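Everything below concerns the one structure shown next.
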Amino acid sequence: MSGPLSIFFLDAGRKFFGVPAVKSLLDCAAKAGLDMMQLYFSDNQGFRLALEDMRLTTEFGTYDLTPALGDGYAQEDKAPDGSGRFWRQDDMEEILAYARRLGVELIPALNMPGHMGAILEAFPHLRYPGSRSSIDLRNPEAVAFAKALAYKYASYFAGLGCRFFNLGADEFANDLGSMGFDVIYKDGTMQYFVPFLNDLAAMVCGLGMTPMAFNDGIYYNNDTTTYGSIDNRIWVQYWIAGWNGYSPASAKTLEEQGFPLVNACHLWYCGAGCRDWEERRRVAESIDCRMFDKETFISDPAAGMLCCWCDHADFYGPDEGKALAEALPPVIAAFGQAMKNVKKR
């Protein structure tokens, strides 16, 4: 059956999910007929995947990522789960092998240049001034570090046959007291973000994969000229059109610029801290992935994506994702049926 792909997104950066919980959610995704599951393994509240070699080397030196693994830090409205846990390379390879047996494609997700807080706890000199979460895009050492980090993980997953790699690229330096993209759009720092994102996208494509990113900073304020062109091989995961003066480009602008669009609408979110799972199931049941933020109709989106975010990862404590793996199946099933309904139209 043709039509948009269906993706379940799991925030396993803020909250640690043990291999059994991930497998259980993969079972749910397969049963619901979903095409893909996206595993997000790093954020401010946690860095959760250890490769066998955790060193990065750039022209500025060698860095050991090991101290950054496990829980990150708490923010006013976000907290890690307190487990201190992370996957090792053999855990990830077990997850990938299981996903393949089920016919569910796995998409790894490593967010940058923002949402790097857990990693930057070990490398504070690379932070953007005033931000705990984001690298300084004007600092050549910080940029080289982030690119080497992205290459390390992207090349690992490319070697395992993954076809997509999500670079994140959202909510840059949102801890400045204002939304970071609005700040850097107005002060000119956006001139460093655009080539940074383009370089990462080219790197992912060079590894034989397709890059993904969230929509926030891509032609911010519907401005497609001031800071140059952005690589439209990126599949844009469109989660919000803006709020309180924050002005990402519209879905229509991005469609006109040739980006494949993934509808990841924030109105569909579920995850740690949810208190009404039946309401979340009803929301998932009513999803039409062609409607972006209830305002824009895109007739042929690349995909629809249901996101399980774990901002409140401490809600269940260090349970290795067991409670969420038990709560999510009806929501995933409803989303799968909603996506099938779109494909039938």
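The values are calculated or read from the model by the stated rules, or taken from the named source; none is laboratory data. None of these values were measured; they are calculated from a predicted model. So basically every Cβ, Gly included, is an ideal-geometry build from the backbone, and we count neighbours across all protein chains shown. Side chains are part of the model used for accessible areas, which takes the heavy atoms of the whole protein and leaves out ligands, DNA and RNA. Shrake-Rupley method; radii C 1.70, N 1.55, O 1.52, S 1.80 Å.
The table that follows gives values for the structure above.
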quantity	calculated
Scan of region 96-143 for residues that are within 18 Å of F157 (Cβ to Cβ) and polar (S, T, N, Q), ordered by number	N111
Within region 249-302, considering residues that are on the phi > 0 side of the Ramachandran plot and of a type in the set (D, E, K, R), the one least open to solvent (accessible area, probe 1.4 Å)	D293
Failed criterion for L56 (all others in (1) outside any helix (DSSP H, G or I); (2) open to solvent by less than 30 Å² (accessible area, probe 1.4 Å); (3) under 25 Å from L25 (Cβ atoms) hold)	(3)
Pairs with Cβ under 9 Å, 6+ apart, first in region 204-215 and assigned to a loop (DSSP other than H, G, I, E, B), second among the acidic types (D, E)	N215/D170
Qualifying residues in region 59-78 (those that are assigned to a loop (DSSP other than H, G, I, E, B) and not hydroxyl-bearing (S, T, Y)) - the one nearest to D311 (Cα to Cα)	D77
Residues located in region 157-181, provided they are in a helix (DSSP H, G or I), modelled with pLDDT of 95 or more and either charged (D, E, K, R) or crowded, with 19+ Cβ neighbours inside 10 Å (or both)	F157, F181
Region 120-134 residues that are among the hydrophobic types (A, V, I, L, M, F, W, C) and crowded, with 19+ Cβ neighbours inside 10 Å, paired with ones that are assigned to a helix (DSSP H, G or I) and at pLDDT below 95 (beta carbon under 8 Å, 6 or more apart)	none
Pairs with Cβ under 7 Å, 6+ apart, first in region 166-191 and more than 30 Å from L207 (Cα to Cα), second β-branched (V, I, T) and open to solvent by 40 Å² or more (accessible area, probe 1.4 Å)	L176/V183
Residues of region 35-53 that turn out to be assigned to a strand (DSSP E or B) and in contact with a Gly (Cβ under 8 Å, 6 or more places away or on another chain), as a count	5
Qualifying residue in region 14-22 (condition: more than 19 Å from the chain's Cα centre (by Cα), of a type in the set (V, I, T) and at pLDDT 95 or above)	yes
Test for G114: is it closer than 20 Å to A327 by Cβ, in contact with a Ser or Thr (Cβ under 8 Å, 6 or more places away or on another chain) and not in a strand (DSSP E or B)	no
Count of residues meeting criterion [more than 18 Å from the chain's Cα centre (by Cα) and closer than 17 Å to G242 by Cβ] in region 180-219	7
Hits in region 221-248 (condition: more than 19 Å from C265 (Cβ to Cβ), open to solvent by less than 40 Å² (accessible area, probe 1.4 Å) and of a type outside the set (D, E))	G228, I230
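Here's the yes/no breakdown for (1) part of a strand (DSSP E or B); (2) surrounded by fewer than 24 Cβ atoms within 10 Å (Cβ to Cβ); (3) of a type in the set (A, V, I, L, M, F, W, C):
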{"position": "S6", "(1), (2), (3)": "yes, no, no"}
{"position": "L10", "(1), (2), (3)": "yes, no, yes"}
{"position": "F16", "(1), (2), (3)": "no, no, yes"}
{"position": "A21", "(1), (2), (3)": "no, yes, yes"}
{"position": "C28", "(1), (2), (3)": "no, yes, yes"}
{"position": "G33", "(1), (2), (3)": "no, yes, no"}
{"position": "G82", "(1), (2), (3)": "no, yes, no"}
{"position": "E93", "(1), (2), (3)": "no, yes, no"}
{"position": "L110", "(1), (2), (3)": "yes, no, yes"}
